[in-house]
Amino acid sequence: MNRTFTNNPQTNNSTAKKAWTWGAILAFIFVVLLLFKTLFSIILLTFAGLLIAVYFVAFGGMLRKILPLPKSWSVFVSVFINLVLLVAFFWFVGDRLTQQISQLSETLPQTVEQARARLGESSIGQKIIDQLSETASSEKTSAIARSFFSSAYGVVSDLYIVLLIALFLAASPSLYRRGVVHLLPPKAKDKGVDILDKLYEVLKKWLIGQIIGVFFIGILTAVGLIVVDLPLVLTLSLIAGLMNFIPNFGPIIALIPAVLLAFMQGTSTVLIVIAFYTGIQVLQTALMTPLVQKKMVDIPPLLIIVSQIAMGTLGGFWGVLLAMPTVAVLMTLINELYVKEQSYHKYEFQEK
């Protein structure tokens, strides 16, 4: 049986067109991912500025409940009051804080050697030292620290950029809100306004919870350090409070300098410090976290850890710091744009 094969020009053109279309789509996705990776640090700084702007606007809203201020002036007064409080803080405790930070940086190398010596006195401690020496050399540790705390512009420049973005956003939030809504198609504008309002509430409540946690942990840590008679109370309590913004890893980072200083007073002091730091975190988890989580998106702990690792790899310190609010925003968007829509369509289908 003879078989004849004929070339169909239309089929060939259709196949070529599909190949070029898919190639263009893949190229576009690749370019978007490449730009996202390149601009990720800028995206993080912008998001950090957005969080501070949310704080200024929320603080201004609180002022309007107390003082008869117009909405535009309330934000200005909010920024002014917070800047005055920040200047006053450094005016009264800045010198002492600077001295303690300098003393801590000078004391830590000595305390590390003392801790190594005390651990070496026991067989278990010596095994821990040997294991740490094998898994992490000083060069490797320094490289990890540099990559974690590095940024595209430097710490001072980052803070300046974040504050500048926050001031511009807080000065006229409605302008940028309208700009985002204008980019949406007509049918999605009402939904977009509703989602923006919910995102603002989520971020505001997250900030309130974190700020309360900073004072809660900072004050309890200061009390515990005074009872144990450990030096550098102001610096250590401030570090412990600020590390509340970094769940999971923050308490460990705050514990390290306290434990190293405790080694200078003996092993029993180390155990006491570890115990009361752990107790503070348990109290914070039992008392503060439920109150915050009731008003926020319920974020699974595993998702927070994975997001911190992923964002820390891409964005270093800023990535770890902003992982939780980023996940809260993403989960709110997914809930509003997908989960609720699926539930609505399912209910509509059952009604029919």
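General observations
- Solvent-accessible surface ranking, highest first, for Lys204, Lys65, Lys71 at 1.4 angstrom: Lys65, Lys71, Lys204
- In sequence order, calculated HN-Hα J values of the range 242-259 (Karplus, 6.51, -1.76, 1.60; Hz; x Gly/Pro): 5, 5, 5, 6, 10, x, 6, 8, x, x, 5, 4, 5, 6, 4, x, 5, 5
- Lys340 - accessible surface, heavy atoms, 1.4 Å probe, Å² rounded to 10: 90 Å²
- Of Lys71/Lys204; Lys71/Lys189; Lys65/Lys191; Lys187/Lys340; Lys65/Lys189, pairs whose Cα-Cα distance is over 20 Å: Lys71/Lys189; Lys65/Lys191; Lys65/Lys189
The values are calculated or read from the model by the stated rules, or taken from the named source; none is laboratory data. Remember, predicted model here, so these are calculated numbers, not experimental data. What goes into the accessible areas is simple: the full protein's heavy atoms, side chains included, and nothing from ligands, DNA or RNA. Shrake-Rupley method; radii C 1.70, N 1.55, O 1.52, S 1.80 Å.
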